[in-house]
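Novice: Here it is, the structure in full.
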Amino acid sequence: MELAGVLAAKQKQILELWTERTLDSYTTPGFFKKSRDLFANPVGVQIRNTLARLFTLLREGAEPEALIQPLDRVVRIRAVQEFTASQAVVPFLELKWVVKGVLGEEALQAPLVAELNEFDCAVERMALMAFDLYCQCREQLYRNRLNELKSGRALFTDGGCPSRFLDAETAREADGK
């Protein structure tokens, strides 16, 4: 019995639980879980599809470079939200717990133990890659914010509607006359 075959047979259960646990990390998980419409719920659909792709790549033993693009999709979503680095990356590590929970007693069988250890190692490498991507995304966000402040565009993005300044200027002129 090979781990890849067991994981393929239980893929639906694993993905449902992994996706549920990942979406539970958001402040409004109910919406993300219910709506499967790409236009109404782009975040939930993107996460659901990308986790499925990542699981397939891990199950097939893909090279780490193949994980970068799908990881980047999920990490970029999580990087712009109010997650700490550990909160942003923990769903990737939880895959180990999910797989062991779904496999149950099968995970303890001698032929699968060694393969499961290799799978766990691949999951940990994926999580570390996600952490690196998260740090890069956050750094880019801070650079963008710094550029906004330096250029003066922050006055427009942070201050609300720019016409508000015109109304205030008009009121001052009227008071001064």
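Only the coordinates and a few stated rules stand behind these numbers; no lab work does. The structure presented is a predicted model; accordingly, all values stated were derived computationally and were not measured.
Novice: Taking a cut-off of 20 Å between Cα atoms, list the aspartates and glutamates near Lys33, but don't count ones fewer than 8 places away on the same chain.
Specialist: Glu16, Glu20, Asp24, Glu82, Glu94
Novice: Report relative contact order for the stretch 3-176 in percent, whole number only (criteria: Cα-Cα under 8 Å, sequence separation at least 6).
Specialist: 23
Novice: Report, ordered by chain and residue number, the lysines lying within cross-link reach of Lys34, taken as a straight Cα distance under 30 Å and ignoring same-chain residues fewer than 8 apart.
Specialist: Lys10, Lys12, Lys96, Lys100
Novice: Taking the 0 to 90 degree range and rounding to the nearest ten, how far is the long axis of helix 11-23 tilted relative to the main principal axis of the chain, both from C-alpha atoms?
Specialist: 30
Novice: Comparing Arg143, Arg48, Arg36, which has the greatest mean-square fluctuation in the GNM of the chain with Cα pairs linked when under 10 Å apart?
Specialist: Arg143
Novice: Now for a different question. Once the convex hull of the alpha carbons of the chain is built, what does its volume come to per residue, in cubic angstrom?
Specialist: 138
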